[in-house]
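Some notes on the structure that comes next.
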Amino acid sequence: MDEQLHKLIACIFDQHADNNPIDCETCSIHFHRLAELVAAGASVNELLPEVQQHLDCCLECNEEFQALLSIIVAENSGLVASE
């Protein structure tokens, strides 16, 4: 448990360091197009590593991105009708 706590704290400090200023609003701007690319097989880390870093540390953004990705995958698979 202590190791996980230390990892989380380090991630928070890394996330908010001056060299990685991306915040939730900036991160979420990329979600729609990024989720489409990831659903097609691309890697978030290869496309936008700063967004991946934020998703690794921010539970809310990660959940939002994963939900959007799941919807797009379901639409692409024909499980859900797209608009």
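Rule-based calculations on the coordinates, nothing more; no lab input. All values reported here derive from a predicted model rather than from experimental measurement. FYI the Cβ positions are ideal-geometry reconstructions off the backbone, even for glycines, and counts take in every protein chain you see.
The distance between label points at Ala40 and Glu60 comes to 3.1 nm (points 7 Å beyond Cα on the Cα→Cβ vector). Across region 65-75, coupling constants 3J(HN,Hα) worked out from phi with the 6.51/-1.76/1.60 Karplus curve, θ = phi - 60°, read 5, 5, 5, 4, 4, 4, 5, 5, 4, 5, 4 Hz, and Gly and Pro carry x.
The ranking of Leu79, Leu55 by Cβ neighbour count inside 10 Å, starting from the fewest, reads Leu79, Leu55.
Say a paramagnetic label sat at a point 7 Å from the Cα of Ile71, along Cα to Cβ; which residues of region 20-62 have their backbone N under 16 Å from it? Those under the cut-off are 28-39, 61-62.
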